[in-house]
Structure formats: C-alpha cells, structure tokens
Amino acid sequence: MDFEFSREHQALRKLVREFAEEEIKPIVKRADRESKPPMDVVKKAAEIGLLGAPIPREYGGLGAGETGYCILMEELGRVDTSVTTIVGAHIGLGEMSIYLGGDKRIRETYLPDLCAGRKFAAFALTEPNAGSDAASIKLRATREGDSYILDGQKMWITNGPIADVMSVLAITDPALGARGGATAFVVETQGEGFKAGKYEHKMGLHGSPTSAITFDNFRVPQTNVLGQVGLGFVVFMQTLDIGRVSLGAATLGGAQAALQAALDWAKLREQFGRPIAQMQSIQFMIADMAAEIEALRSLVYRTAWLVDHGKPFVKEAGMCKLLGSEIGSRCIDRVVQIHGALGYSRDFDVERGFRDARIAEIFEGTNEIQRILIAEQMFREVGVRIRP
Ligand SMILES: Cc1cc2nc3c(=O)[nH]c(=O)nc-3n(C[C@H](O)[C@H](O)[C@H](O)COP(=O)(O)OP(=O)(O)OC[C@H]3O[C@@H](n4cnc5c(N)ncnc54)[C@H](O)[C@@H]3O)c2cc1C
C-alpha cells in the first residue's frame, strides 16, 4: 500500500489550492448574494487546464485520472460549493458522458473545446415525473432521415442556462422503456427548438445556474448518439457512478473547511472566562468531525484508485456520495452550532456553507437511492437479486 500522492498530484493540489484561495474566495459572497454564476473565474480555471482534469491528453485534458479529478473537486469544495457544482456538472457529468459514450469523432469534436473552457457542458436526465425513478423518462427522440427529433422537457439541469453542449437521455423505443429503449445524445444548444427556462430559486448554490430545458422539434444528427442506440441508460448510469466519487471528494473539501472554521472560532471565542475550545462539548464535536473526515478521505481516494486501476468501484462510489454528503452536512451543522448566533448570520461563511451543503444528499441520486444501490451490490455479492 502506498498512501502518498504522486508528485504530479501534489503539484495539482497546490495549483488548485492557490487558484481557489486567490481567485474564487474573493468572489464567493458576491456570487451568493447576487445569484450570479461567476463564469469569469470558471474560465480562468480553464486557462490553467483545470476543466480537463480527468480527460486524457489526446482530447485536450490534463490526464490526471480520477484521483486528479478528486483532488480538484476537494480543493474547490473547500472554498465554494457553487463553483464546484458548475465544474462538476461540466467535467464529471458533461465531459465524462461524452468521453464514456462518444466515439473518436465525437470525443475529438467536443472534448478539446470543453477542456479549454471555450464551451460549457451539462447533463440532462431528470424530468418533471422522473427523478429518483430515472427509468420513467418520457422525452422522446424520433428518427427522421439522418436525424432524431427531440420533444419534451428536462428539469433541474445544472449549467442548463449556460451550456453550449448537453448530454441528453431520450426515449427512442417506448415499447422497450428506458432500459433498452433510451438513447443518449450530445446536442448543441444553439439549435432551433432548444429553450432553457428561468434560473431556479434555490436554498443554496446561488452561484450555480439550474433550469428546466424544453426541446421542441429539436433536430440532432444521428452521428451524435453517445454509445449505442437503445443503450443510453447505461452511458448515463456509468457517468453517474463515476460522478459519485468526485461528489464525495467535493463534500470532503466542504467538511474540511467546516472543521478549520470550527478550530479557528473555538480558539478565538471566550465564554465563562476561557476559550470555548476548552469546553468538552466543543472538543467532542471537533473530534467527531476530524474522525469522520479522515474516514471519508480514505474512502474517496481508495475509490478513485479503484477507478484509475480499472477495478470494480460502483458500490464504493455510492458510499462516497452517501457518506460524503452526510458527513458534510453533519460537519457544517456542528460548525454553525460552534459559532452560536454568528453561525446564523448572513455575514459569516458558515451560514452559506450550511445552505449549500444540503443539496449533496439530494442530487446525483438521493441518499435513499444510494442505500438501495449499495444494498443491491451487497446482495449481488452473495448471489441474491433484490430488484424485482
Ligand atoms: C440544485 C440541483 C441540481 C441538479 N442538477 C441536475 C443535473 O445537472 N442533471 C439532472 O439530470 N438532474 C439534476 N438534478 C436533479 C436531481 O438529480 C434530482 O432532484 C434527484 O435525483 C431526486 O429526484 P426528485 O427531486 O424528483 O425527487 P423524488 O424522486 O421525487 O424523491 C422524493 C423523495 O422520495 C425518495 N424516494 C424516491 N424513490 C424512492 C425509493 N424507491 N425508495 C426510497 N425512497 C425513495 C427520495 O429519496 C426523496 O427523499 C438537480 C437537482 C437540484 C436540486
């Protein structure tokens, strides 16, 4: 076993940490208050190569693997969840679905521009009546000559209003349903018949743009199919599996930032004539945070190692998402408590962190769904199928 990061990965962490401190930290409050995606900062991240972290060099990426991508997401997650979400949807869902499902031509057409930040990506699965039950999607793709015509709606799409390129899952054979009758497409959003809805008003992630998307008689060439016709559900589920590892990394960063804020404040704040750091109740909260973060760190980077070495990782990826989001929520809840009234003040970062952290238990498959997926894998290992 080797618990050391490679020199390249250490250098990447240093680069991202400096970038996040110098470029992102100063604009976080403004983006939250104004509900405006800080795209100038995201473009700067592209200039130093960060938007192609896991993508192989031949397609314009950094070739830093899943481990490198997790380092990027952890370091961004330490500073701002909105930027992390924009970048995560762009790389982990948008680019990754194109990389996993695209042939050489599709990869060469889209990935270099996405890695360089000349274009932005999104990933459209959820629909008004298909959230956790993703297989019940209704958006229809009908073959017409060399094209498919898309009609229907997607909901809650991160980067929806700013994306140039979008991976979309649509039903091509209603008789077969999503498993066998759904096809993944990469579409260019400038096409006629594409419409992004208004920005959703969310509890947190104010700097991350989310909207519904409507496809009305929207034409996409059949050469833009990702993977095989009828097997798009597999491309989308594989993308989400990998995405869950990096979501665990992002929540790790958020939890680490919460712990640091707890330590800093507990040293400063005095009550009953001594720093609150000397109160056992505060010490216990900090010890619990530190222990949980350490366990999460091991899980996330071991799972990234499994991905990078081509080993099975689906169960562990679900665990990264499940534990990461719950540890992240618990840590930010504790740090609000440690700050007392100030933790409830909009002037303090921990209040924003509290609002921003909650979503990780919901998106990319709710935690209830993760528990189902993990249990499914556990039973599969002992030869039992639990899905009807
Ligand atoms: C900020 C934000 C960004 C998002 N970004 C994207 C994106 O980029 N692309 C995209 O496609 N989607 C995106 N989503 C959608 C997100 O993935 C879904 O919201 C999520 O999968 C849950 O679906 P739902 O909201 O319809 O909840 P529902 O499926 O309606 O679930 C409601 C509740 O019922 C529970 N539940 C449902 N079924 C079961 C079951 N079988 N067993 C136990 N409990 C169950 C759920 O866990 C949940 O607690 C985003 C959502 C948000 C809020």
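Worth pointing out:
- Residue that is surrounded by the fewest Cβ atoms within 10 Å (Cβ to Cβ) [pool: residues in the range 145-167 that are of a type in the set (D, E, K, R) and farther than 17 Å from GLY181 by Cα]: ASP146
- Strands (runs of 3 or more DSSP E) fully within the range 123-191 counting 3 or more residues that are closer than 22 Å to GLY88 by Cα: 147-158, 165-171, 182-188
- Residue ID - farthest from ASP241 (Cα to Cα), chosen from residues in the range 365-388 that are outside any loop (DSSP other than H, G, I, E, B) and touching a Ser or Thr at 6+ places or on another chain (Cβ under 8 Å): GLU368
- Looking only at the range 158-188, and only at residues there that are free of Cβ contacts under 8 Å to residues at least 60 places away in the same chain and closer than 14 Å to ALA122 by Cβ, the one that is nearest to the ligand (Cβ to nearest atom): GLY160
- Scan of the range 243-267 for residues that are basic (Lys, Arg) and over 18 Å from SER298 (Cβ atoms), ordered by number: LYS267
- Subset of the range 284-314 (residues that are out of contact with any Phe, Trp or Tyr (no Cβ under 9 Å at 6 or more places or on another chain) and without any contact (Cβ under 8 Å) to a residue 12 or more places away in the chain): PHE284, ALA287, ALA291, GLU294, HIS309, GLY310, PRO312
- Apart from one condition, SER132 fits all of (1) more than 30 Å from CYS115 (Cβ to Cβ); (2) more than 8 Å from the ligand (Cβ to nearest atom); the exception is (2).
- Taking first residues from the range 14-33 that are in contact (Cβ under 8 Å) with a residue 60 or more places away in the chain and partners that are open to solvent by 60 Å² or more (accessible area, probe 1.4 Å), the Cβ contacts under 7 Å between residues at least 6 apart in sequence or on separate chains come to ALA20/ARG78.
- Candidates THR126, THR85, THR67 - the one that is open to solvent by 40 Å² or more (accessible area, probe 1.4 Å), under 29 Å from LEU205 (Cα atoms) and within 20 Å of the chain's Cα centre (by Cα): THR126
- Number of positions in the range 297-321 that are of a type in the set (Gly, Ala, Ser) and open to solvent by 30 Å² or more (accessible area, probe 1.4 Å): 2
- Boolean, LEU72 is under 21 Å from ILE162 (Cβ atoms), touching a Cys at 6+ places or on another chain (Cβ under 6 Å) and assigned to a helix (DSSP H, G or I): no
- The residue of the range 362-388 that is surrounded by the most Cβ atoms within 10 Å (Cβ to Cβ), among those that are within 9 Å of the ligand (Cβ to nearest atom) and of a type in the set (A, V, I, L, M, F, W, C), is PHE363.
- Selection within the range 89-98 - open to solvent by 10 Å² or more (accessible area, probe 1.4 Å) and out of contact with any Pro (no Cβ under 8 Å at 6 or more places or on another chain): LEU93
- Matching residues, the range 327-347, being away from the ligand (no atom under 16 Å from the Cβ) and under 29 Å from ASP133 (Cβ atoms): ILE327, ARG330
- Hey, GLY324 in contact (Cβ under 8 Å) with a residue 12 or more places away in the chain, out of contact with any Asp or Glu (no Cβ under 7 Å at 6 or more places or on another chain) and exposed (fewer than 14 other Cβ atoms within 10 Å of the Cβ) or not: no
- Against the numbered list (1) among the hydrophobic types (A, V, I, L, M, F, W, C); (2) touching a helix residue (DSSP H, G or I) at 6+ places or on another chain (Cβ under 7 Å); (3) within 27 Å of ARG297 (Cβ to Cβ), ALA11 comes up short only at (2).
- Filter pass, ARG57 being under 17 Å from TYR99 (Cβ atoms) and not hydroxyl-bearing (Ser, Thr, Tyr): yes
- Within the range 77-89, being over 20 Å from LYS119 (Cα atoms) and either touching a Cys at 6+ places or on another chain (Cβ under 7 Å) or part of a helix (DSSP H, G or I) (or both) holds for GLY77, ARG78, VAL79, THR81.
- Residues of the range 244-270 satisfying the condition of being touching a Gly at 6+ places or on another chain (Cβ under 9 Å) and surrounded by fewer than 24 Cβ atoms within 10 Å (Cβ to Cβ): GLN256, ALA257, ALA261, TRP265, ARG269
- Residue within the range 2-18 that is within 30 Å of GLU200 (Cα to Cα) and touching a Gly at 6+ places or on another chain (Cβ under 9 Å) present: no
- Residues that are in a helix (DSSP H, G or I), away from the ligand (no atom under 16 Å from the Cβ), open to solvent by 90 Å² or more (accessible area, probe 1.4 Å) and within 22 Å of ARG244 (Cβ to Cβ) are absent from the range 348-361 altogether.
The values are calculated or read from the model by the stated rules, or taken from the named source; none is laboratory data. Owing to the predicted nature of the structure, the values given are computational and were not obtained by experimental measurement. Cβ: placed from backbone, ideal geometry, glycine included. Neighbour counts: every protein chain shown. Please note that ligands, DNA and RNA were not included when accessible areas were found on the heavy atoms of the full protein model with its side chains. Shrake-Rupley method; radii C 1.70, N 1.55, O 1.52, S 1.80 Å.
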